Each structure stands twice: as structure tokens, then as C-alpha cells.
Amino acid sequence: MALPRHPLFTSVTSPIHERDIAAVAAEAFIHKGHEGKSYAITGPQSLSQFDRVRIIGECIGRDLRFEEVSPEQVRAGMLAQGLPKEVSDRMLGYLSTCLAQPGQSTSTIEKVLGRSPLTFEQWVTEHAAPFRV
């Protein structure tokens, strides 16, 4: 298995499960009271890239190592895949900011959906097959 590669592996962000994104969007579209509102949604906890690799390893029962690559290498890869320059710059800029100031976790999921947000562990468990290759 190829080593996970990522820039700025000590940056800390709050990954959100795509089902939580979809659930908030559906709630906002279907029910009244969300008109004109903007929601900042996050996962339940801030994790470094290192933490995420550790969690993936625990979920699939393997010891994983992590390889940090430069932001320039990642930017070049994003651009080669057709991502617009401003998107890669924004993503890498956010990770850089999160080196000094961890990305916050919000309570939006609880407020909008009335339940806790899904965890990164839950996401990995649901998406474990590609990590086992």
C-alpha cells in the first residue's frame, strides 16, 4: 500500500462526514426557518493529518506510516488533476493557517439536526475498503 501523502501533517482541522453535509442541506431545503441563514459545519473534533492516519490504521487493523510532501508538490498534483489554482491555493492556505490555530469544531450539527455529528472513525469504517488495498 502506498504511504499516505499529505502536506502540513500537523495542521489540525475538523473533518466532516458527507452524510452530515447532506443532512444539513436537506434540512435547510425542506424545512422552514433556514431562509437567509449560513451555516459553518464541521465534524465533532479537531484532528491532525497524523491523527487521521492513525485512526485509519486502527480501523483497518494495520500499522500505517505517513509521508509528508511539500505544499508545492500537492499544488502541482491538484493542478494536474484539473483543480483551479484558486481552489488549491485556498485549501493549502487553510491547512497552513491550521498549523498555528487549529480549525474549530462547531455545534451546528447538534443545533440544526438535533444529534451529534458523525465522527471521523465512523467515516473511515464506512469507507474502509479502499484503505485496505
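Just so it is clear, none of the values below were taken in a lab; they were calculated from the coordinates. Treat the numbers as computed from the prediction; the structure is a model and nothing was measured. Note that each Cβ is placed from the backbone with ideal geometry, even for glycine, and that neighbours are counted across all protein chains shown.
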- Task: Report, as a whole number in µm² per second, the diffusion coefficient that Stokes-Einstein gives for segment 1-92 at 20 °C and 1.002 mPa s using the Kirkwood radius over alpha carbon pairs.
- Result: 136
- Ordered by fewest other Cβ atoms within 10 Å, a rough proxy for footprinting exposure, D89, D63 read D63, D89
- What value, in deg cm²/dmol to 500, does the helix sum -39500 (n - 2.57) over DSSP H runs of n ≥ 4 give at 222 nm once divided by the residues of the chain? -15000 deg cm²/dmol
- What size of dipole, in debye to the nearest 20, comes out for the chain about its Cα centre when the only charges are +1 on Lys and Arg C-beta atoms and -1 on Asp and Glu C-beta atoms? 80
- Task: Starting from the exponent 0.38 and prefactor 2.2 Å, build the expected Rg for segment 42-133 from its residue count and divide its actual Cα Rg by it.
- Result: 1.26
- Message: As an exercise, use a Förster radius of 35 Å and the Cβ-Cβ distance of A100 and E35 to find the FRET efficiency, rounded to the nearest 0.05.
- Response: 0.45
- Item | Length-normalised contact order of the chain in % [C-alpha pairs under 8 Å, at least 6 apart] | 44
